[in-house]
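Everything below concerns the one structure shown next.
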Amino acid sequence: MRILVTNDDGIYSPGLAALARVATQFGEVKLVAPDVEQSSMSHAITATRPLSYRSSPVNFPGVEAYRVNGTPSDCVALGSHLWATTDLVLSGINLGYNLGNQLWHSGTLAAAKQAVLLGMRGFAFSTTVENGEPDYPIIEKYIFDVLTLLKDETSMRLININLPRNPTGIEWTNQSVRQYDARIIPGMDPKGRKLYWYDFIPLEPAEEGTDRWAVERSLVSVTPLRLDLTDNARLNELRTQILV
Ligand code: MN
């Protein structure tokens, strides 16, 4: 299996190195990641200037690694162009969860989405940094287990995985969509001028069976996703009506 590993935290993220370490146990790995952090860039592509890449051997002994002057989606598009027989794209490990409605903003997930759009499979991995740096050996063991579980399940093309600090198991979940928990938080710069942060604050307890619910219970959350946003229930109702 030929695996392209990318992320949105940038080529120097320790999360990327950790994911690459696991990936090498499943196939031939190439690393193509943004040269600077691209978190919350979602599925942005670079269309108004050219893309380029440079070799980036730091931290990845034995694995070809390249840094790109673009977004996570650019990295997948360019990487799979240069390495045309890529089977699978792994994105992450993002340092910070990608849960619920945060998926709309996630660059980590967008790289996996780009893979699916281009005919490959895409898995996004995220973990928490709320209480400090992740314990990589523990997280890597669970990523190994998840990849073992998913690698032959080819009917699932796009998968979002979140890993709590010390997992006790793995759970299939759905995306928590009941609330949107992002808010603008006002602040001030040293000269007293107003500044604003876009931040996420959970407002309500998570619904049972969702991604947020799982990580709160120290379970690795595995959510199969799809790209079709059509509201089929509503569409079927509408199709029973006669349009004049
Ligand atoms: Mn990120």
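Laboratory data are not the source of any read-out in this text; all were calculated from the coordinates shown. Just so we're clear, the structure is a prediction, and the values are computed from it rather than from any experiment. Here the Cβ positions follow ideal geometry from the backbone for every residue, glycine too, while neighbour counts run over all protein chains shown.
Observations on the model:
- Per-residue Cβ neighbour rank within 10 angstrom, fewest leading, ILE159, ILE45, ILE11, ILE201: ILE201, ILE45, ILE159, ILE11
- In region 114-239, Cα pairs under 8 Å separated by at least six residues give a relative contact order of 29 percent.
- Shape class for the chain, computed from the alpha carbon gyration tensor (a ≥ b ≥ c): rounded, with a/c under 1.5.
- This ranking places LYS141, LYS151, LYS30 by how few other beta-carbon atoms lie within 10 Å of each, fewest first, which gives LYS141, LYS151, LYS30.
- Centroid-to-centroid separation of region 8-58 and region 143-190 [C-alpha atoms, Å]: 19
- Take each peptide in 115-122, 102-109, count the other Cβ atoms within 10 Å of every residue, and average; sorted highest first, the result is 102-109, 115-122.
- Burial ordering of LEU149, LEU235, LEU158, LEU31, fewest other beta-carbon atoms within 10 Å first: LEU235, LEU149, LEU158, LEU31
- Check: region 1-53 dipole with +1 on Lys, Arg Cβ and -1 on Asp, Glu Cβ, in debye: 180
- As a length-normalised measure over Cα pairs under 8 Å and 6 or more apart, the relative contact order of the chain settles at 17 percent.
- Highest mean packing first, where packing is the average number of other Cβ atoms within 10 Å per residue, the peptides 50-58, 224-232, 173-181 line up as 173-181, 50-58, 224-232.
- Global form of region 41-97, assessed from the alpha-carbon gyration tensor, a/c cut-off 1.5: rounded
- Phi to ³J(HN,Hα) by Karplus 6.51 cos²θ - 1.76 cosθ + 1.60 over region 57-63, Hz, x for Gly, Pro: x, 4, 6, 10, x, x, 10
- For region 1-106: relative contact order, % (alpha-carbon pairs under 8 angstrom, 6 or more apart): 40
- Rounded if a/c under 1.5, otherwise prolate or oblate - region 138-244, Cα gyration tensor axes: oblate
- Bridge type composition, the chain - antiparallel percent by DSSP, nearest 5: 35
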